[in-house]
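**Student:** Quick one: this structure, given as structure tokens, is what I'll be asking you about.
The values are calculated or read from the model by the stated rules, or taken from the named source; none is laboratory data. Source: prediction; values computed, not measured. Every residue, glycine as well, gets a Cβ built from its backbone with ideal geometry; the counts of neighbours run over all protein chains shown. These accessible areas exclude ligands, DNA and RNA; they are computed on the full protein's heavy atoms, side chains included. Shrake-Rupley method; radii C 1.70, N 1.55, O 1.52, S 1.80 Å.
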Amino acid sequence: MKRHERMNALLELLGERGSLEVEEAATALEVSAATMRRDMDALAEQQLLTRTRGGAVLSAVTYDLPIRYKRGHHGDAKQSLARSAAAMVERGSVVGLSGGTTTTEIARALATRPDLAEPGPQPHLTIVTNALNIAYELAVRPQIKTMLTGGVAHSRTFELTGPYSELLLGEVTVDIAFIGANGMDPETGATVHDEAEGRINRLMAQRAGRAVVVTDSSKVGVRCFARIGGPETFDTFLTDSGIADSARRDFEERGLPTVLAEPEADEEDGR
């Protein structure tokens, strides 16, 4: 496990348990106690956890991890989702992207899709996003027109929210929107931790000709604080093959078609 993946796993574990002893965390992540102390010290410097005498406890800023630490978590699934999502987009489309690690991967997949990366006098794609990090990555690509909503920046997810975001989204339409979520439950639908983000995500979905909620299967069955919506908001649920058959049937029976991302051939073969 690479260091950024180990740090992410440590933060995920700490989020589940609230506190961890050094030896407990080292055993769980299969590293030495000395390595775990160094990792905890590094994360404490970033104010992502608080060190205690024998371990660490949650910091006030860790309820939603910064993207730079979350990127490695479920990385293969997110990249499969990104490839499948990018394949749904037609050249010349207007695409809405909410913030999040999976939608960030979708932005990268679109930016490197061969037909969309061709040089030309006009952009081949328009992206509308409320995520600062997505806009930052796409702004250097002349073949993609990038529109960033206004609003107040969220310190943990880099998403812009508030009345300025709502004002802009209320004046545009998009062909297809990809909305990330922290939880996806058949009964509750897509949810996130923050109510302001949930409101913007729902509005972006409502402005789309086709709205796709996209999460890896680890989020299935999870319910978070703020609801985005279910079948009344989304046309499609895109996830990976890790979803249980029973959960997939539950989504479909409630009127939300569920599409599974196709892994690359070498992933299927275990290479």
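**Student:** So, in segment 234-243, how many residues would count as being within 12 Å of Asp185 (Cα to Cα) and surrounded by fewer than 15 Cβ atoms within 10 Å (Cβ to Cβ)? Reasoning before the result, please.
**Tutor:** As a first pass, look at segment 234-243 and keep what is within 12 Å of Asp185 (Cα to Cα): 237, 243.
Going one step further and asking which of them are surrounded by fewer than 15 Cβ atoms within 10 Å (Cβ to Cβ), we end up with none.
Final tally of qualifying residues: 0.
**Student:** So which helices (runs of 4 or more DSSP H) stay within segment 123-225 end to end and still have 1 or more residues that are open to solvent by less than 60 Å² (accessible area, probe 1.4 Å), in contact with a helix residue (DSSP H, G or I) (Cβ under 7 Å, 6 or more places away or on another chain) and among the acidic types (Asp, Glu)?
**Tutor:** On the way: elements: 132-138, 163-169, 195-206.
It comes to 163-169.
**Student:** From the list Arg254, Arg249, Arg202, which residue is of a type in the set (D, E, K, R), within 28 Å of Thr126 (Cβ to Cβ) and modelled with pLDDT of 95 or more? Break it down into steps so the answer makes sense when it comes.
**Tutor:** Details: Arg254 fails: within 28 Å of Thr126 (Cβ to Cβ); Arg249 fails: within 28 Å of Thr126 (Cβ to Cβ).
Of the residues listed, the single one that is of a type in the set (D, E, K, R), within 28 Å of Thr126 (Cβ to Cβ) and modelled with pLDDT of 95 or more is Arg202.
**Student:** Out of all the residues in segment 150-161, is one or more small (Gly, Ala, Ser), modelled with pLDDT under 95 and within 11 Å of the chain's Cα centre (by Cα)?
**Tutor:** Looking for residues that are small (Gly, Ala, Ser), modelled with pLDDT under 95 and within 11 Å of the chain's Cα centre (by Cα), one finds none in segment 150-161, hence no.
**Student:** Now, a different point. Could you grab me the full set of residues in segment 94-109 that are part of a strand (DSSP E or B), touching a Phe, Trp or Tyr at 6+ places or on another chain (Cβ under 8 Å) and either farther than 14 Å from Tyr136 by Cα or among the small types (Gly, Ala, Ser) (or both)?
**Tutor:** We begin by selecting, within segment 94-109, every residue part of a strand (DSSP E or B); these are 94-97.
Narrowing further to those that are touching a Phe, Trp or Tyr at 6+ places or on another chain (Cβ under 8 Å): 95-97.
Hits for segment 94-109 are Val95, Gly96.
**Student:** All but one of (1) touching a residue at least 24 places away in the same chain (Cβ under 8 Å); (2) of a type in the set (Val, Ile, Thr); (3) surrounded by fewer than 19 Cβ atoms within 10 Å (Cβ to Cβ) hold for Thr112, so report the exception by its number.
**Tutor:** Among (1) touching a residue at least 24 places away in the same chain (Cβ under 8 Å); (2) of a type in the set (Val, Ile, Thr); (3) surrounded by fewer than 19 Cβ atoms within 10 Å (Cβ to Cβ), the lone unmet condition for Thr112 is (1).
**Student:** Among the residues of segment 98-120, which ones are over 10 Å from the mean Cα position of the chain (by Cα) and either within 20 Å of Leu148 (Cβ to Cβ) or among the acidic types (Asp, Glu) (or both)? Step through it out loud before you land on a result.
**Tutor:** As a first pass, look at segment 98-120 and keep what is over 10 Å from the mean Cα position of the chain (by Cα): 107-120.
If the condition is that a residue be over 10 Å from the mean Cα position of the chain (by Cα) and either within 20 Å of Leu148 (Cβ to Cβ) or among the acidic types (Asp, Glu) (or both), then Ala107, Arg108, Ala109, Leu110, Ala111, Asp115, Leu116, Glu118 are the ones that fit.
**Student:** Then there is this: Could you list, in sequence order, all residues of segment 106-131 that are modelled with pLDDT under 95 and more than 18 Å from Asp175 (Cβ to Cβ)?
**Tutor:** Listed by number, the residues that qualify are Arg108, Thr112, Pro114, Ala117, Glu118, Pro119, Gly120, Pro121.
**Student:** Name, by its number, the condition in (1) over 25 Å from Gly170 (Cα atoms); (2) part of a loop (DSSP other than H, G, I, E, B); (3) without any contact (Cβ under 8 Å) to a residue 60 or more places away in the chain; (4) open to solvent by 40 Å² or more (accessible area, probe 1.4 Å) that does not hold for Pro231.
**Tutor:** Exception for Pro231: condition (1).
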